[in-house]
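Working notes, beginning with the structure itself.
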Amino acid sequence: MNRAPRRLPLGVVTRGTTNPNRLRRVDNWIVATCADRLRAAADPLVVDLGYGATPVTAVELRARLAAGVRRDVRLVGLEIDPARVAAATPAADPPGLIFARGGFELAGLRPVLVRAFNVLRQYDESEVPDAWRTMTAALAPGGALVEGTCDELGRLASWLLVDADGPQTLTLAAKLTTLGSPAELAERLPKALIHRNVPGEAVHDLIRALDDAWQAAAPYATFGPRQRWLRAVGRLRDDGWPVRDGPHRWRHGELTLRWPLP
């Protein structure tokens with residue numbers, strides 16, 4: 001019997017740097033924001049693309065989704081490097097958690113959700129749209145891609161929610177107790193935006209407006225960084241920025257805005 005040739009994984013091997021709890025901010029946002037997609041799915045399949053040299057963040061995402069969304073969620077960790085897949089296999093817990101070789105083509109899977117963090121950072125900005133299109137074309141109907149980046153300890157992070165129509169939201173997130181200024185988030189913008197943090201670009205205006213609001217909220221620092229952040233984000237919304245959610249999410253050091261920015 002003739003078999004169709006297996007498609008090679010698309011992409012290149014990442015640096016693989018990872019740490020426990022590095023992606024907790026985006027994971028918690030996924031649980032809060034993408035739960036309806038998974039609850040409505042006949043097959044609640046999630047792909048963690050490019051989980052790195054160790055599978056710890058994939059294990060954590062599966063545990064958080066199982067506890068916070070639905071117990072039967074299935075997560076597949078995909079890596080291009082077969083040595084990383086082999087190293088992760090002892091952490092597998094089939095059918096809820098498995099590891100396989102794959103890239104932007106998602107190994108032929110049809111997930112409801114893809115998390116691709118710190119993957120596109122090493123690519124040229126011009127390559128990002130094709131990577132998005134390849135991943136979103138493989139999604140199940142109504143599925144979404146969460147693509148972004150963070151620092152080594154997960155204290156600063158940003159990500160885009162992307163579906164078949166393109167980016168829908170941008171989220172900035174920080175550990176407020178260690179945040180000196182929102183301007184620090186500029187260093188961790190997604191690849192599609194990091195080189196656009198220049199005068200005349202909307203994301204540059206956003207970072208500047210958030211930093212200005214943070215400085216204006218300095219008197220509230222007496223009550224702690226959370227209260228200062230809440231005031232800053234509230235001012236941003238009052239100034240006309242398309243801020244989503246409300247204080248129930250802002251208090252976690254998050255700011256999500258509708259995309260594209262004005």
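How big is the dipole moment of the chain about its Cα centre under a simple scheme where the beta carbon of each Lys and Arg is +1, that of each Asp and Glu is -1, and everything else is neutral? Debye, nearest 20, please.
On the way: 35 positive and 29 negative charges, 148 e Å.
In debye, rounded to 20, the chain gives about 700.
Highest mean first, what order results for 44-56, 73-85 on Cβ atoms within 10 Å?
Working: 44-56: 23.9, 73-85: 21.5.
Ranking, from highest mean packing down: 44-56, 73-85.
Would you give the gap between the C-alpha center of region 117-172 and the C-alpha center of region 206-232, rounded to a whole Å?
Distance between centres, Cα-based: 27 Å.
Under 8 Å for C-alpha pairs, at least 6 residues apart: give me the relative contact order for region 120-262, rounded to a whole percent.
That works out to 21 percent.
Would you work out if region 1-121 is rounded, prolate or oblate? Take a ≥ b ≥ c from the square roots of the eigenvalues of the alpha-carbon gyration tensor; rounded if a/c is under 1.5, else prolate when a/b is larger than b/c, oblate otherwise. Before the final figure, lay out the partial values.
Numbers: a/c = 1.70, a/b = 1.23, b/c = 1.38.
The shape class here is oblate.
Under a 1.4 angstrom probe, counting protein chains only, how are HIS195, HIS252 ranked by accessible area, largest first?
HIS195, HIS252
Restricting the calculation to Cα positions, tell me the Rg (one decimal) and the Dmax (whole number) of the chain in Å.
18.5, 74
Under a 1.4 Å probe, what is the accessible area of the chain per residue, stated in Å²? It would help to have the intermediate numbers written out before the result.
On the way: 12150 Å² over 262 residues.
Ligands and nucleic acids excluded, the figure is 46 Å² per residue.
Going by amide H atoms built from the backbone, whose H comes under 5 Å of the H on GLY77, apart from near neighbours?
Those qualifying (amide H under 5 Å, at least 5 residues apart or on another chain) are ASP48, ILE98, PHE99, ALA100.
How much of the DSSP beta bridge set in the chain is antiparallel, as a percent to the nearest 5?
Numbers: 21 of 40 bridges.
Taking every DSSP beta bridge within the chain, about 50 percent pair in antiparallel fashion.
For GLN215 and HIS195, what is the calculated FRET efficiency with R₀ set at 22 Å and r taken between the beta-carbons, to the nearest 0.05? Let's see the in-between values first.
On the way: r = 25 Å, r/R0 = 1.16.
The calculated FRET efficiency here is 0.30.
Could you tally the net charge around PRO199, taking each other residue with its Cβ under 11 Å from the Cβ of PRO199, Lys/Arg +1 and Asp/Glu -1?
Details: positive: ARG196, ARG208; negative: GLU201, ASP205.
Once all neighbours under 11 Å are counted, the net charge is 0.
Of the accessible area of the chain, with the probe set at 1.4 angstrom, what percent is carbon plus sulfur? Could you put the intermediate results ahead of the total?
Working: 6150 of 12150 Å².
Percent of accessible area from carbon and sulfur atoms in the chain: 51.
Cβ under 10 Å from ALA174's Cβ, ALA174 left aside: what net charge do those residues give with Lys, Arg +1 and Asp, Glu -1? Walk me through the numbers before you get to the answer.
Details: positive: ARG25, ARG155, LYS175, ARG188; negative: ASP151, GLU184, GLU254.
Summing Lys and Arg as +1 and Asp and Glu as -1 gives +1.
Rounded to whole Hz and in sequence order, give me ³J(HN,Hα) for region 18-34 from the Karplus expression 6.51 cos²θ - 1.76 cosθ + 1.60, θ = phi - 60°, writing x for Gly and Pro.
Per-residue couplings from phi come out as 7, 8, x, 6, 4, 9, 4, 5, 5, 4, 5, 5, 4, 4, 6, 9, 9 Hz.
Could you check the simple spin-label distance between ALA137 and PHE223, using points 7 Å along Cα→Cβ, in nm with one decimal?
Taking the two extended label points, one gets 5.1 nm.
Report relative contact order for the chain in percent, whole number only (criteria: Cα-Cα under 8 Å, sequence separation at least 6).
Values: 492 pairs, mean separation 38.8, N = 262.
Computed value for the chain: 15 percent relative contact order.
Convert each backbone phi in region 110-124 into a coupling constant with the Karplus relation 6.51 cos²θ - 1.76 cosθ + 1.60 (shift: θ = phi - 60°), then list the ³J(HN,Hα) values in order as whole Hz, x for Gly and Pro.
10, x, 7, 9, 10, 9, 10, 10, 6, 9, 7, 4, 8, 8, 6
So for the pair ARG208, GLU152, with labels modelled 7 Å out along Cα→Cβ, what separation do we get in nm?
The two pseudo-label positions are separated by 3.2 nm.
For region 210-223, just list the computed ³J(HN,Hα) in residue order, Karplus coefficients 6.51, -1.76 and 1.60, θ = phi - 60°, integers in Hz, with x standing in for Gly and Pro.
My calculation for region 210-223 gives 5, 5, 5, 5, 5, 5, 5, 8, 3, x, 7, 4, 4, 8 Hz in order.
Taking amide H atoms as placed 1.01 Å from N in the peptide plane, list the residues 5 or more away in sequence, or in a different chain, whose amide H sits under 5 Å from that of THR169.
For THR169, the qualifying residues are LEU161, TRP259.
For a protection proxy built on the mean count of beta-carbon atoms within 10 angstrom, sort 176-186, 157-167 highest first, please.
Numbers: 176-186: 16.1, 157-167: 19.6.
Descending packing order for the listed peptides: 157-167, 176-186.
Using the Cβ atoms and a cut-off under 12 Å, what net charge is assigned to the surroundings of ASN19, where Lys and Arg are +1 and Asp and Glu are -1? Could the numbers behind the result be given before it?
Details: positive: ARG22, ARG24, ARG155; negative: GLU60, ASP151, GLU152.
Counting the neighbours of ASN19, the net charge comes to 0.
The values are calculated or read from the model by the stated rules, or taken from the named source; none is laboratory data. The model shown is predicted, which means the values in this text are computed figures rather than measured ones. Cβ: placed from backbone, ideal geometry, glycine included. Neighbour counts: every protein chain shown. Side chains included, ligands, DNA and RNA excluded: accessible areas come from the protein's heavy atoms. Shrake-Rupley method; radii C 1.70, N 1.55, O 1.52, S 1.80 Å.
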